[in-house]
1. Report the extension gain between T270 and E228 in nm, rounded to one decimal, defined as 0.36 nm multiplied by the number of residues separating them, less their alpha carbon distance.
2. Between R58 and L70, with labels modelled 7 Å along Cα→Cβ, what's the label distance in nm to one decimal, could you check?
3. Given the Cα atoms of segment 10-152, and with Rh set as the inverse mean 1/r over their pairs in the Kirkwood sense, what is Rg to Rh to two decimals?
4. Show log10 I(q)/I(0) for segment 197-266 at q = 0.13 Å⁻¹, two decimals, from a solvent-free Debye sum over equal Cα scatterers.
5. For L256 and Q50 in the same chain, what is the full-extension length gain: residue separation times 0.36 nm, less their Cα-Cα distance, in nm?
Amino acid sequence: MTDTSSSTAVPTQNLRLTARALLLGDRLDVAGLERSDVLSTTPLAFRAGQDGFVALFRYGVAVLVGLTPLEEDEVIRSLRQRISGEFARHEEETAIIEISPDRDDQIPPGGPIYIKQMSTERLLVIADALSKSATLARDEREATAAFELVEPSVQHLAENGRRPRDRRRILKQVGQALLVRQRMSGGVAVEEKPDVLWDRPDLERLYARLEDEYELKERAAALHRKLEVLGDTAQALTDIIDTERSLRLELIIVLLIVFEIFITFYQMFTGVSGH
């Protein structure tokens, strides 16, 4: 459960802050990362820079709020040893947060995210939504790339009624598709709500609005359907290859049997003729 205090607020001198979610790698190890300025333990969140806020998620995302580019670089550099499978390109989701005491927590179409108070709990809710959106963006790109990889083989099969001749390339495509599916199937559970809502159910509406703004549930459902199609396509291609291999083996066995019969008759005939 999230370890926060409802009275905790992150200080700020500006009415507007930029929040950036960066997908750094496959995993982010936060174990043993002890700090005196911890605001939350799940996810690990702490103050950084002058007025900034950082939230770290185990599935590889760091959310940075109110930091200068120099401060962001410093935070990322300090995390580099804790990143497993760091990506060459960091997927990013950016939002503008505006403090507006006269408004309810709300998100008009296109933003910004209006909040009544810059509290730790509100930032944790926003960070959770941004981190999931960044993760989904990479998964969507990976799934699209896998589809483009296997599409030529499927197109050839549809047009010619047989698989392409380059069996090694097909197996490589199938392997890549299965690898993408396996990597994504164990990803972040988008349907799970942030732990902070257990202590602050009054922020459920803010999270629901963030879910709608970033279409988290819809994108997760679409991605799941893509992964199912990707898996079925890979399975179909491997089944075709296996079937063709079985047919070849059966043909070889039949030819060997015919050859054996031919040799037997030949020996019988030559034996009779010899008499």
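Read-outs throughout are calculated quantities, based only on the coordinates presented, and are distinct from any laboratory measurement. Quick caveat: nothing in here was measured; it's all calculated off a predicted structure. Cβ coordinates were reconstructed from backbone atoms using ideal geometry, including for glycine residues, and neighbour counts include every protein chain displayed.
1. Value of the extension gain: 8.9 nm.
2. 3.6
3. The Rg/Rh ratio comes out at 1.01.
4. -0.67
5. Value of the extension gain: 66.0 nm.
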